[in-house]
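Data first, discussion second: the structure below is written as structure tokens.
The values are calculated or read from the model by the stated rules, or taken from the named source; none is laboratory data. This one's a predicted model, so the numbers in the text were calculated from it and none came from an experiment. All Cβ positions, glycine included, derive from the backbone under ideal geometry; neighbour counts span all protein chains shown. Note: areas computed on protein heavy atoms with side chains; ligands, DNA, RNA excluded. Shrake-Rupley method; radii C 1.70, N 1.55, O 1.52, S 1.80 Å.
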Amino acid sequence: MSDELPAAPHTIADFVRAYEEDGTLRGFRCAHCGLLTATWGLRCPRCGERDRTEATLSGRGTIIAFTVLTVPGDDFLNDAPYAYVVVELDEGGRITGWMPSVKEDRQIAIGDRVHFVPSYRPGVQLAKDGGAAT
Ligand SMILES: [Zn+2]
């Protein structure tokens, strides 16, 4: 195994913060097994392959898990309560994000359609499709 790091067109920080700066969600697709992840990493978390292609994610998908947070960290103190969600993207892969428009459990359901909302705020912000909060 080589200690050499794979070349990348940007730094990890650029990758992680792209959604804040240019409104783009970035991910990686594994050249071996096809797994798509929205998380930066040197290897595929499923098969360990290093050959991964950068992909731009649609930010559209379906809620597969959620919780309504009432006690957030400092960055989100003024937003609580809000929903913290896991979303299965239309193109495959899962992302976590937050939804400031959701204040109670009954405002959200497994299977709800959501989309990415570019924002200056930290984290991946999402809103329900067809909602007024876009
Ligand atoms: Zn893989």
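Only one of (1) modelled with pLDDT of 85 or more; (2) surrounded by 14 or more Cβ atoms within 10 Å (Cβ to Cβ) is not met by VAL71, so which one is it?
It is condition (2) that VAL71 fails.
With the checklist (1) within 15 Å of the ligand (Cβ to nearest atom); (2) open to solvent by 30 Å² or more (accessible area, probe 1.4 Å); (3) not polar (S, T, N, Q) in hand, flag the one item LEU77 doesn't pass.
With (1) within 15 Å of the ligand (Cβ to nearest atom); (2) open to solvent by 30 Å² or more (accessible area, probe 1.4 Å); (3) not polar (S, T, N, Q) applied to LEU77, the lone miss is (1).
Among the residues of segment 78-98, count how many are in a loop (DSSP other than H, G, I, E, B) and of a type in the set (A, V, I, L, M).
Adding up the residues that qualify gives 1.
Could you tell me which residue of segment 30-56 is nearest to GLU91 (Cα to Cα), considering only residues that are free of Cβ contacts under 8 Å to residues at least 40 places away in the same chain, open to solvent by less than 30 Å² (accessible area, probe 1.4 Å) and more than 9 Å from the ligand (Cβ to nearest atom)?
Among residues in segment 30-56 that are free of Cβ contacts under 8 Å to residues at least 40 places away in the same chain, open to solvent by less than 30 Å² (accessible area, probe 1.4 Å) and more than 9 Å from the ligand (Cβ to nearest atom), the one nearest to GLU91 (Cα to Cα) is ALA55.
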